[in-house]
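Below is one structure, written out as structure tokens; the observations come after it.
The values are calculated or read from the model by the stated rules, or taken from the named source; none is laboratory data. As the structure is a computational prediction, the values presented were derived from the model and not from experiment. Note that each Cβ is placed from the backbone with ideal geometry, even for glycine, and that neighbours are counted across all protein chains shown. The protein model used for the area step is the full one, side chains on, heavy atoms only, and it has no ligands, DNA or RNA in it. Shrake-Rupley method; radii C 1.70, N 1.55, O 1.52, S 1.80 Å.
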Amino acid sequence: MEYVWMPCNIENSGFSSERRFEVDLPDGKRISGTAYIEYLQDSEGNPLGDNIPTAGEAAPGFVKCRVVKEVGESAYVEFPGTEVFHVPQEAIRERRIG
């Protein structure tokens, strides 16, 4: 199974083990969802700490998503806690198998 890391903005959610994320795609679409912190990284690509982001703030980072299908210059990507979206390859930061 292939995973990708998508750039996003991260905010606190109602639970300490989760964060809200927003991904802005090149075509102007915005994808929002909630994910457990193990699906998120800070802006340096490190695991998200308990204090990131600070209360009331948003922080740049990355969200781990699953590639469902690739179609030419785009892919269908499943975001945590949401659905599958059509995403251009240029929006994907990093690929990993696992």
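Quick look at the numbers
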item: Residue ID - farthest from ALA91 (Cα to Cα), chosen from residues in region 16-27 that are open to solvent by 50 Å² or more (accessible area, probe 1.4 Å) and modelled with pLDDT of 90 or more; result: SER17
item: Region 16-29, residues that are in a loop (DSSP other than H, G, I, E, B), under 18 Å from VAL77 (Cα atoms) and either aromatic (Phe, Trp, Tyr) or without any contact (Cβ under 8 Å) to a residue 24 or more places away in the chain (or both); result: GLY28
item: Members of region 18-71 that are among the polar types (S, T, N, Q) and touching an Asp or Glu at 6+ places or on another chain (Cβ under 9 Å); result: SER32, THR34
item: Scan of region 58-98 for residues that are open to solvent by 80 Å² or more (accessible area, probe 1.4 Å), part of a strand (DSSP E or B) and among the acidic types (Asp, Glu), ordered by number; result: GLU70
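Residues checked against (1) under 14 Å from the mean Cα position of the chain (by Cα); (2) surrounded by 14 or more Cβ atoms within 10 Å (Cβ to Cβ); (3) charged (D, E, K, R); (4) not in a loop (DSSP other than H, G, I, E, B):
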position	(1), (2), (3), (4)
CYS8	yes, yes, no, yes
GLY14	no, no, no, no
ILE31	yes, yes, no, yes
GLU38	yes, no, yes, yes
GLN41	yes, yes, no, yes
ASN51	no, no, no, no
